1. Give the dimensionless ratio obtained when the Cα radius of gyration of chain B is divided by 2.2 N^0.38 Å.
2. Taking a label point 7 Å from the Cα of B:ARG416 along the Cα→Cβ vector, which residues of the stretch B:370-387 have an amide N closer than 17 Å to it?
3. Only Lys, Arg, Asp and Glu count, each charged at its Cβ (+1, +1, -1, -1), so figure out the dipole size of chain B about its Cα centre, rounded to 20 debye.
4. Per-residue mean of other chain beta-carbon atoms within 10 angstrom of the beta-carbon, peptide A:3-11?
5. Starting from the Cα-Cα distance between B:ASP30 and B:ALA75, subtract it from 0.36 nm times their residue separation and give me the gain in nm to one decimal.
6. With every protein chain kept in place and ligands, DNA and RNA left out, what is the accessible area per residue of the stretch B:158-204? Probe 1.4 Å, answer in Å².
7. Using θ = phi - 60° and the Karplus curve 6.51 cos²θ - 1.76 cosθ + 1.60, what whole-Hz ³J(HN,Hα) does each residue of the stretch B:431-440 get, with Gly and Pro shown as x?
8. Towards the positive end of the charge dipole of the stretch B:149-296, with charges on Cβ (+1 Lys, Arg; -1 Asp, Glu), say which of B:GLY263, B:THR173, B:MET185 has the farthest Cα.
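The values are calculated or read from the model by the stated rules, or taken from the named source; none is laboratory data. The model shown is predicted, which means the values in this text are computed figures rather than measured ones. Cβ placement follows ideal geometry from the backbone for every residue including glycine, while neighbour counts extend to all protein chains displayed. Side chains included, ligands, DNA and RNA excluded: accessible areas come from the protein's heavy atoms. Shrake-Rupley method; radii C 1.70, N 1.55, O 1.52, S 1.80 Å.
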There are 2 protein chains.
Amino acid sequence: VNPTQIIAAKRDGGAVPTDRLEAFLRGYLDGAVAEYQMSAFLMAVVFRGMTSGELDVLVRVMVESGATLDLDHVAGAKVDKHSTGGVGDKVSLALAPLAAELGVRVPMMSGRGLGHTTGTLDKLEAIPGFCTDLTLERFVHLLDEVGCAMIGQTAEIAPLDRRLYDLRSVTGTVPCIPLIAASIMSKKLAEGLDALLLDVKVGDGAFLPEEERALELARTMVEIGEARGVSTVALLTAMDRPLGRAVGNALETREALECLHGGGPDDLRQLVIREAVEMTRLAAASGELAVEDADEVALRRRAGKLLDSGAALARMRRMVEAQGGDPGVVDDPTRLGRAASVADWTAPRAGIVTAIHPRALGQAVVEMGGGRTRLGQEIDLTVGFELAVSPGDRVKRGALLARIHARDSEGEARGRNALQSAIVIGEEEPTLRPLVSHRVTRADIGVPPRD
Amino acid sequence: VNPTQIIAAKRDGGAVPTDRLEAFLRGYLDGAVAEYQMSAFLMAVVFRGMTSGELDVLVRVMVESGATLDLDHVAGAKVDKHSTGGVGDKVSLALAPLAAELGVRVPMMSGRGLGHTTGTLDKLEAIPGFCTDLTLERFVHLLDEVGCAMIGQTAEIAPLDRRLYDLRSVTGTVPCIPLIAASIMSKKLAEGLDALLLDVKVGDGAFLPEEERALELARTMVEIGEARGVSTVALLTAMDRPLGRAVGNALETREALECLHGGGPDDLRQLVIREAVEMTRLAAASGELAVEDADEVALRRRAGKLLDSGAALARMRRMVEAQGGDPGVVDDPTRLGRAASVADWTAPRAGIVTAIHPRALGQAVVEMGGGRTRLGQEIDLTVGFELAVSPGDRVKRGALLARIHARDSEGEARGRNALQSAIVIGEEEPTLRPLVSHRVTRADIGVPPRD
């Protein structure tokens with residue numbers, strides 16, 4: 001295979017024959033294709049996109065480049081969830097034990113926060129002792145024992161994705177939907193899943209803010225999953241405001257635990273239940289989980305009861321204990337680490353909260369030391385914001401809008417700065433995105449529904 | 001400067017600020033910008049192009065990356081010519097001495113053949129002893145002594161261009177007009193010229209066959225030259241058929257010498273005269289050459305006389321001698337090396353020669369061992385074709401169409417194969433491109449003519 005010819009074919013907009021693309025990718029793995037050739041190819045993909053056939057090859061070679069989980073001897077339907085990341089998105093922490101309680105096996109591999117969004121791994125590590133660095137063997141064992149387990153993406157999984165991601169991050173080839181979709185899906189498809197739920201955020205605080213682009217990403221990922229034989233459903237969920245009211249790692253962990261206590265903000269509870277129901281239906285459809293009443297309304301009611309009864313919380317406690325964490329924190333979330341300084345931010349005028357811009361808050365958390373600007377950076381898990389209002393609320397002058405959790409007065413000042421522009425008070429009722437605006441399934445990409 | 005930001009700016013179609021582009025290019029020279037970053041940038045340029053300002057920076061940094069010729073102490077107007085390359089294009093060999101005879105100083109730096117076109121250096125080396133590998137000092141000395149000198153592009157000139165060209169050739173970023181234009185012009189602008197004539201070939205045998213693309217290349221190069229203060233004129237010349245009747249290195253050298261003897265094919269003579277006149281007018285316009293009658297018709301007549309009188313030939317003899325070549329060959333071109341096997345190719349039917357496809361002939365020369373598929377390859381200078389007809393000629397069945405000069409029977413067979421498809425005999429008079437179809441000057445790119 002001549003690498004230059006492959007690059008030229010992509011540059012000129014033609015589809016690269018799958019066998020040649022595979023040889024090109026394997027050539028990159030073994031050094032026959034140089035980094036400078038791959039980066040030129042990736043830039044051509046930014047402009048030309050990839051066909052379904054090309055994407056399938058890319059994802060397959062990514063998966064085959066590393067270890068894959070063999071979950072065959074774990075009974076039941078294995079279903080994971082991936083979120084493209086948003087501000088205040090702590091769904092996974094409550095979702096995994098709830099879905100497990102509904103009978104789904106949840107082998108969840110998550111990432112760390114990067115940029116303006118936090119990551120599940122960091123939130124888990126806010127629980128003293130919680131270990132996200134298990135061997136794949138131990139991970140599979142816990143999945144079987146507890147019904148859910150949560151670890152970080154290991155270097156063994158899809159190393160080609162890691163190499164390509166590192167190259168993309170220094171060659172201006174990150175914002176490209178097929179490459180983003182392949183990167184996400186390769187890691188998930190290495191997990192040996194029966195099905196996968198994708199939460200694609202849309203709005204100001206999302207990685208891809210525009211609905212059209214978010215939908216394209218959702219469709220591309222569903223297409224990749226289905227092509228590889230994994231039932232995949234994507235939900236487009238609102239990120240025109242933060243999810244819930246806590247922004248920042250430990251604060252978000254606390255809110256997720258409150259949700260498992262039957263409390264927490266309504267939008268968080270709704271989304272956790274919706275996603276747990278989607279995962280249960282995917283599990284039932286796979287034939288690996290017998291569900292008495294797979295009707296959506298019945299499942300939602302059941303999920304709500306599992307949150308209110310403490311059953312999902314008990315599952316969380318088992319998982320935390322099994323992964324070395326302090327179960328006392330699960331029972332009493334107020335025991336989570338607290339920032340050195342907590343300050344109030346009040347309404348400068350009366351009116352309606354017309355917007356809470358999530359991206360500004362997420363970026364402020366990074367500036368306050370609670371997020372990363374580069375991989376591997378140490379962060380302060382305690383900093384962030386507790387919002388006291390939601391968009392649409394009517395407030396009086398001087399009313400509490402938010403609490404700033406900061407390391408020091410400099411961090412607090414950055415927090416105030418962000419809140420000043422992030423929380424908008426005006427006169428008109430805001431128009432907000434529905435919590436879940438779209439549901440993308442195999443039928444939406446032209447594949448007939450399964451029998 | 002953050003290389004990734006520069007790449008992203010180009011990817012998104014914005015103009016890169018000139019100071020940042022310069023830092024990026026210098027970063028590449030000193031290793032701060034990686035090859036994989038440059039290749040991604042170049043691919044983004046393929047899709048987004050470059051602004052005039054960006055091109056000017058690129059060309060300037062290319063020129064400044066290496067040695068530049070200082071021709072200030074060589075009296076007179078220094079004018080070079082560059083051809084984008086075509087099949088049978090042996091103009092330079094006759095042009096340099098003719099222009100010198102007209103009073104122009106011609107410091108000509110040429111390349112070797114690559115792909116389906118031959119190169120001036122190879123043609124010069126068909127003359128026994130001729131050395132194209134002079135030091136820059138000796139080159140300048142000969143220019144002053146003889147009035148013209150011809151050498152190869154040395155590694156000292158525009159090394160950034162060489163690095164970028166090597167990278168482009170393995171990353172699918174060669175066919176990109178601004179990058180092609182910058183590559184050509186950087187080498188010419190390092191020569192310390194007063195003016196430059198560009199011969200941009202158009203048609204099947206040209207590097208860029210389409211007229212629109214050839215015109216764009218011509219305009220881009222004129223713009224670059226004028227921005228750097230070098231008067232630049234580009235002619236679009238016909239390459240829908242071979243130039244002259246000889247194709248292949250030594251055969252072309254012989255035809256160029258015949259032209260200097262006052263003979264040779266009419267199209268070759270016309271183009272050599274036209275280009276010599278253009279160079280003389282550029283020299284006159286620079287104020288460094290006093291021309292009695294700068295009228296075009298008068299100059300053409302003068303140039304024709306210099307070919308017919310043997311004056312240009314005598315200048316060629318002086319140059320060949322000064323560069324170590326055998327002057328006897330200049331006087332008797334039949335003494336040039338001859339291929340082992342010479343075979344006739346005759347008309348399979350009567351009719352009109354409706355086309356002679358140059359690219360097929362050029363590619364055949366490569367296959368017959370007379371051209372390169374990679375840099376540095378040894379080639380056989382003697383192989384090629386002598387055409388006996390031109391498009392539009394009426395031929396009888398069995399009439400001689402061409403002679404194949406080959407190393408062996410295998411080469412001869414390849415030659416026959418090529419001629420079979422390259423020379424088309426039909427019924428209708430062909431429509432051919434005018435020898436010179438366009439003349440692009442500073443006025444055509446929106447710069448007012450010089451006073």
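1. The reported ratio for this selection is 0.98.
2. B:384-386
3. So the dipole magnitude of chain B works out to roughly 740 debye.
4. Other-chain Cβ atoms within 10 Å of each residue's Cβ, averaged: 4.
5. Here the answer is 12.5 nm.
6. 21 Å²
7. Values, residue by residue: 9, 10, 5, x, 3, 10, 9, 9, 10, 10 Hz.
8. Of the candidates, B:THR173 comes out farthest on the positive side.
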